[in-house]
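**Student:** Pasting a structure below so you can have a look.
The values are calculated or read from the model by the stated rules, or taken from the named source; none is laboratory data. Note that the structure is predicted; figures quoted are calculated from it, not measured. Note that each Cβ is placed from the backbone with ideal geometry, even for glycine, and that neighbours are counted across all protein chains shown.
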Amino acid sequence: MKDMTDEEYAALDKRLTDTVPTLGHKGKGFFSQRKSSLSITVDSVTAKYLTSKAAADHKTPADIISEMVQEKIAAAQ
């Protein structure tokens, strides 16, 4: 990676110092999207189970939970 000159450093510093970030309400950013998702707290045994099951099945813990819920719904009908 090419290093910047003193002039480029100064221009970048000025740009970053003078620029005020604008916050939007569109919800396209990482934190905006994560905020809308439901967050739950589980005990350490459940967390370890979900993590190991997800790794073994090459899925996310959310996928494992979703499958478990779908199975319960199907069994109840």
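**Student:** So, in the stretch 7-49, how many residues would count as being at pLDDT below 70 and outside any loop (DSSP other than H, G, I, E, B)?
**Tutor:** Total meeting the criteria: 7.
**Student:** Return the pairs, sorted by first residue and then second, in which the second residue is modelled with pLDDT of 90 or more and among the charged types (D, E, K, R), the first residue lies in the stretch 62-77 and is part of a helix (DSSP H, G or I), the beta carbons are less than 6 Å apart, and the residues are 6+ apart or on different chains.
**Tutor:** Pairs that qualify, where the first residue is part of a helix (DSSP H, G or I) and the partner is modelled with pLDDT of 90 or more and among the charged types (D, E, K, R), are 64/53.
**Student:** Sticking with this structure for a sec: Which number in (1) part of a helix (DSSP H, G or I); (2) among the polar types (S, T, N, Q); (3) modelled with pLDDT under 90 marks the one condition that residue 52 misses?
**Tutor:** (3)
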